[in-house]
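Single-structure report; data block below.
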Amino acid sequence: MKKIFFITALVLSAPSWAFSQDNHETRIASLEQQVRLLSKQIKYLERQIALQDGVNESGEQYTGRSANRGSTVTKAVDACTDAQEDMFCRPDSVQCQKY
């Protein structure tokens, strides 16, 4: 009798586990989408701040802010590639300023 109860409980819990896995995957996909959207909004706001600070004096300039130079260069190159072709966005052409 105990074996039948155990097997029945196992069989009935399997669909709920599968549903739970699908639910987690859906939540993760939704969170990843929200992170992408927030990242784009942050880049937009950083550009607006740079324009208000007078950083964009002439030509196309892309900015990134961070305490780490490598991270800043990556953010600037990412902003450039979002706006135009990759071939125009080179890390060696990034100039950093300390504020």
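Exposure proxy ranking for Lys43, Lys98, Lys75, based on other Cβ atoms within 10 angstrom of each Cβ and starting from the fewest, stands as Lys98, Lys43, Lys75.
Sum up the charges of everything whose Cβ sits under 15 Å from the Cβ of Lys43, counting Lys and Arg as +1 and Asp and Glu as -1, but leave Lys43 out. Around Lys43, the surrounding residues sum to +1. Working from label points 7 Å from Cα in the Cα-to-Cβ sense, the Ile42 to Asp78 distance is 0.7 nm.
Ranked for footprinting exposure by Cβ neighbours inside 10 Å, fewest first, Asp86, Asp92 give Asp92, Asp86.
Given a Förster distance of 35 Å, report the FRET efficiency between Asn68 and Ala29 from their Cβ-Cβ distance, rounded to the nearest 0.05. After rounding, the FRET efficiency stands at 0.75.
Candidate cross-link partners of Lys98 among the aspartates and glutamates, defined by an alpha-carbon separation under 15 Å and a same-chain spacing of 8 or more, comprise Asp53.
Bear in mind these aren't lab numbers, they're just calculated from the coordinates by the rules spelled out. Only a predicted model underlies this, so the values are computations on that prediction, with no experimental measurement involved. Please note: Cβ atoms are built from the backbone with ideal geometry, for glycine as well, and neighbour counts cover all protein chains shown.
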